[in-house]
Amino acid sequence: HLGFLLLAEAVLCAAATRFQDVLSNGRTSPVTSYKKLQGWSSDQNTWNEKLYPFWEEGDPRWKDCWKGGRVTAKLDTDSPALVGSTMTFVVTLQFPKCQIEDNDGNIIYKRNCIQDPPASQDQQVYVYNWTEWIDSCGWETPKSTPSHNVFPDGRPFPHYPGWRRRNFVYVFHTLGQYHQTTGQSSASFSVNTANITLGKHTMVVSIYRRGHPAYVPIARASATYVVTDKIPTFVSMFQKHDRNISDSIFIKDSPITFDVKIHDPSYYLNNSAISYKWNFGDGSGLFVASGSTTSHTYTLQGNFTLNLTVQAIIPVPCMPVTPTAPLPTSAVMTEASSNSDFSTTVESMEDNPDGGCHIYRNGYYSTGISVVEGILEVNIIQMMSIQMTESQAENSLVDFVVTCQGSLPTDVCTVVSDPTCQVSKSVVCDPVIVTDECLLTIRRAFEEPGTYCINITLGDDTSQALASALISVNGGGSSSGTTEGVFIFLGLLAVFAAIGAFVLYKRYKQYKPIERSAGRAENQEGLTAYFSNFKAIFFPSSTERNPLLKSKPGIV
């Protein structure tokens, strides 16, 4: 009898649904031993299939048990992750058209949303009746029981604030283990990668919606993630006159800026000492920097290989020192990981007066670079207004004389903007043929007078350079005629004024005899002094031949 009972129990256990059966979607995977993830459970545990039914892919209930269409899920991750850091997964539900989740966790129709076919009036404020739609899935509707608020393994939901509004259950599965949580139309969780095997893995999530008799599966999703012991590193490159930064072709004798980007979304390396070792491949040697940005100028043309090594010294708690044979002061204790792909090296506590130990991680980046001749500089050396007849002067023409350094250009573009150089008014581009010296004249027309910002760009296949200037443009022929008339009028006015002054001077210059009455003499002397002052202002060089008159009273 005992043997029969044990056999019956073994048969029942074999027939019970396990997490691995549900979350692997029917796929069998080899039994592999993985390190336990904190907060995760083995997928050999029993799955409550009565409360959380399992549907095969292609089952019509996936679509029939949700009004309006099928719900889909998108699983995102911030992988790749450096081993020891924290990796985050975010799953988002995407409902059929015009359906959203409100703050209470109900699925409702959007207001004023155009459906295909159009929704009826009662659907504009419709809230799903979960009992009604679950009936179409072939289940009975028993009364809710207290055991309803549990996960598939029987553990109760955590009762934190607002837990009743979290109507979705998310079950994540990877590396033979599962993690379960509740949420609304999106959920996220983070996992530490210290115990995850290096390499590429798959994370699978199954999502269930709370119903009255049971939880209903509504979506599945999966994502690939990578855990590595190499620091994920990328380098962006920028050069001032480079025409296309994505083609890895740069210009000789112009500095290139290299900016290192380390993928560390969990800030695992925030307290680490990071160094950057550069080898630009042109024979300039190794360059070590403590900052993530540097620049380098290639002085030769050709193809080069850029190599970068990033090293991080990460502080970690020290492992306890086992009382064994005494070690030298400079000894280093190495703890071999159970994974043969990597090892963790820490310094013993004696080597660090501050009581800290460290591990070292490296990251590598390599790429090919082509260096060619390019346009380095553009200068506007002269701007000339073209004189035209009144009949031809519909637009004002200006010639720009431009020079450049480096290679010869193949095209020229002129951008005319407002005086602030912010609002573009016109853009004109033309091919040019320069055979010997980079010196060309660019003629552009301006429809209206005013002040403009001019940007002239010379370019070839790989490079381009820019020169800017402010120019004030006068009007066409009619404006020029008006300006000339004003100058002629002012000139004639000046001639008539000079003639009038000369006549007045000649009239009052006549000599008067001394023998005259005293009163008349006084009046005449006052008048003579007045016109003498007038003459001194307009004719500073006196034409008087008799110097004796200068000694007369009242003459200056």
- [ ] Quick one: what are the phi-derived ³J(HN,Hα) couplings along region 358-375, Karplus 6.51/-1.76/1.60 with θ = phi - 60°, whole Hz, x for glycine and proline?
- [x] 9, 10, 10, 10, 10, x, 10, 9, 9, 7, x, 10, 10, 10, 10, 6, x, 7
Open item on the list: Based on alpha-carbon centroids, what's the gap between region 182-201 and region 422-457 in Å, whole number please?
Closed with: 57
Open item on the list: Just to verify a number: FRET efficiency for residue 290 and residue 360, C-beta to C-beta distance, R0 = 22 Å, to 0.05?
Closed with: 0.85
Open item on the list: Sort 268-274, 309-315 by the packing proxy (mean of other Cβ within 10 Å over each peptide's residues), most packed first.
Closed with: 309-315, 268-274
TODO: Pairs to check: 36/74; 35/230; 200/277. Give those whose C-alpha atoms are more than 22 Å from each other in this structure.
DONE: 36/74; 200/277
Open item on the list: So if each residue of separation counts as 0.36 nm, and I subtract the Cα-Cα distance between residue 307 and residue 275, what length gain in nm does that give?
Closed with: 10.1 nm
- [ ] Tell me the label-point distance for the pair residue 103, residue 441, using the 7 Å Cα-to-Cβ offset, in nm and rounded to one decimal.
- [x] 7.3
Open item on the list: For a protection proxy built on the mean count of beta-carbon atoms within 10 angstrom, sort 457-463, 102-108, 408-414 highest first, please.
Closed with: 457-463, 408-414, 102-108
Open item on the list: Filter 63/97; 240/425; 240/261; 67/110 down to the pairs with a C-alpha to C-alpha distance above 18 Å, please.
Closed with: 240/425; 240/261
Open item on the list: How large is the accessible surface of residue 64 in square angstrom, using a 1.4 angstrom probe and rounding to the nearest 10?
Closed with: 100
- [ ] Take the Cβ-Cβ distance between residue 224 and residue 432 as r, set R0 to 30 Å, and report the resulting FRET efficiency rounded to the nearest 0.05.
- [x] 0.05
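The values are calculated or read from the model by the stated rules, or taken from the named source; none is laboratory data. All figures in this text were calculated on a predicted structure; none of them were measured in a lab. Positions of Cβ are generated from backbone atoms using ideal geometry, with glycine treated the same way; all protein chains shown enter the neighbour counts. Accessible surface areas use protein heavy atoms only, side chains included; no ligands, DNA or RNA. Shrake-Rupley method; radii C 1.70, N 1.55, O 1.52, S 1.80 Å.
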